[in-house]
Amino acid sequence: MKEVLRWELRSPLNLVLASAGAVLVGTVMKRHYMTWSAGSYGGPHGVEELGPIFREAFTGDVYLLLAILVPFIITLSVRLERDEGVALSVYALPVSRVKILLAKFLASFLALFLFVFSVHLLVFVLHFSATPSAVLSVLKTHSAQMAFFYLSALLFMTSVAALIAIASPNTYVSIFGGFIVLYLPEFLGTNWYGPVPWGNFLTSSYSATISIRMDPLFSWAFVKITLLPALVFLLLYLLIGNWRDVR
């Protein structure tokens, strides 16, 4: 399992797509910070001002980019070999189909999480580098929460895309279907999953400055709309993938 995961993580295609997507996400975040700075007239910024803006950089535009990127990466990882009938990954050791499917899922998820979360931190630090003490205070107060947020949100999005990919008849349906399912809450403004409810948890940042345990991101309400369904979708992905024959 470990060797399979290591091989999948070194996939050049996944790394290129994840890095390119992270650059686009960073560009959108930079524009968000510039718009906020222009509205604040470029004055000195303290922890109270920078904390909320650090969390709110996950905008609807960022979600839209991820709704395109996540199905694309997971589809190329899960469906490409099945549809083309050519194994890009050949394993000499006896590895179960479940382990291969799980390794492909984890590789895509980890690449997305590491690239996107790193860009979130990097863009924030570089944009507000004129006030290093405030930046360090914000990172100390909110980094753990934001890491948990990206882990939960990306796990949800990746599990949805993986389930659609393994159940779809071909690559094109997988990419388009994954985008539609992930984009619908942004288009409709739904309140049960997607950027609207996630944004509500992000903007509730006052209690996070008092105690990490009081942060709404660690509440059962947030887990119920991210991690809990993600685990269910991941289980269905593994069950369907193990049941279906490889073409």
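Among (1) in contact (Cβ under 8 Å) with a residue 40 or more places away in the chain; (2) open to solvent by 80 Å² or more (accessible area, probe 1.4 Å), where does Arg6 come up short?
Going through the list (1) in contact (Cβ under 8 Å) with a residue 40 or more places away in the chain; (2) open to solvent by 80 Å² or more (accessible area, probe 1.4 Å), Arg6 breaks only (1).
Here is a list: Ala161, Ala107. Which entry is touching a Pro at 6+ places or on another chain (Cβ under 7 Å), in contact (Cβ under 8 Å) with a residue 40 or more places away in the chain and open to solvent by less than 30 Å² (accessible area, probe 1.4 Å)? Give the steps one after another, and end with the answer.
Details: Ala107 fails: touching a Pro at 6+ places or on another chain (Cβ under 7 Å).
Sole residue among the options that is touching a Pro at 6+ places or on another chain (Cβ under 7 Å), in contact (Cβ under 8 Å) with a residue 40 or more places away in the chain and open to solvent by less than 30 Å² (accessible area, probe 1.4 Å): Ala161.
When Phe187 is evaluated against the numbered criteria (1) out of contact with any Asp or Glu (no Cβ under 8 Å at 6 or more places or on another chain); (2) surrounded by 19 or more Cβ atoms within 10 Å (Cβ to Cβ); (3) not small (Gly, Ala, Ser), which criterion, by number, is the only one it fails?
(2)
Return the residues of the range 166-208 that are of a type in the set (Phe, Trp, Tyr) and over 19 Å from the mean Cα position of the chain (by Cα); say none if nothing qualifies. Steps first, answer last, please.
We begin by selecting, within the range 166-208, every residue of a type in the set (Phe, Trp, Tyr); these are 172, 176, 179, 183, 187, 192-193, 198, 201, 206.
The answer is Tyr172, Tyr206.
Results for (1) in contact with a strand residue (DSSP E or B) (Cβ under 8 Å, 6 or more places away or on another chain); (2) open to solvent by 50 Å² or more (accessible area, probe 1.4 Å); (3) of a type in the set (Val, Ile, Thr), shown as yes or no for each residue.
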site: Ser96; (1), (2), (3): no, yes, no
site: Thr141; (1), (2), (3): no, no, yes
site: Phe149; (1), (2), (3): no, no, no
site: Met157; (1), (2), (3): no, no, no
site: Ile175; (1), (2), (3): no, no, yes
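For residues that are surrounded by fewer than 24 Cβ atoms within 10 Å (Cβ to Cβ) and among the hydroxyl-bearing types (Ser, Thr, Tyr), tally how many sit in the range 55-81.
2
Please go through the range 9-24 and pick out each residue that is under 18 Å from Asp61 (Cα atoms) and surrounded by fewer than 16 Cβ atoms within 10 Å (Cβ to Cβ).
Within the range 9-24, Ser19, Ala20, Val23 meet the criteria.
Quick check, is Thr27 at pLDDT 95 or above, open to solvent by 40 Å² or more (accessible area, probe 1.4 Å) and assigned to a helix (DSSP H, G or I)?
Values: at pLDDT 95 or above: yes; open to solvent by 40 Å² or more (accessible area, probe 1.4 Å): yes; assigned to a helix (DSSP H, G or I): yes.
So Thr27 passes the test.
Can we say Glu49 is open to solvent by 10 Å² or more (accessible area, probe 1.4 Å), assigned to a helix (DSSP H, G or I), among the acidic types (Asp, Glu) and more than 22 Å from Ala147 (Cα to Cα)?
On the way: open to solvent by 10 Å² or more (accessible area, probe 1.4 Å): yes; assigned to a helix (DSSP H, G or I): yes; among the acidic types (Asp, Glu): yes; more than 22 Å from Ala147 (Cα to Cα): no.
No; evaluated as a whole, the condition is false for this residue.
The values are calculated or read from the model by the stated rules, or taken from the named source; none is laboratory data. Quick caveat, the model's predicted, so the values are computed rather than measured. Backbone-built Cβ (ideal geometry, glycine too); neighbour counts: all protein chains shown. For accessibility, only protein heavy atoms count, side chains too; no ligands or nucleic acids. Shrake-Rupley method; radii C 1.70, N 1.55, O 1.52, S 1.80 Å.
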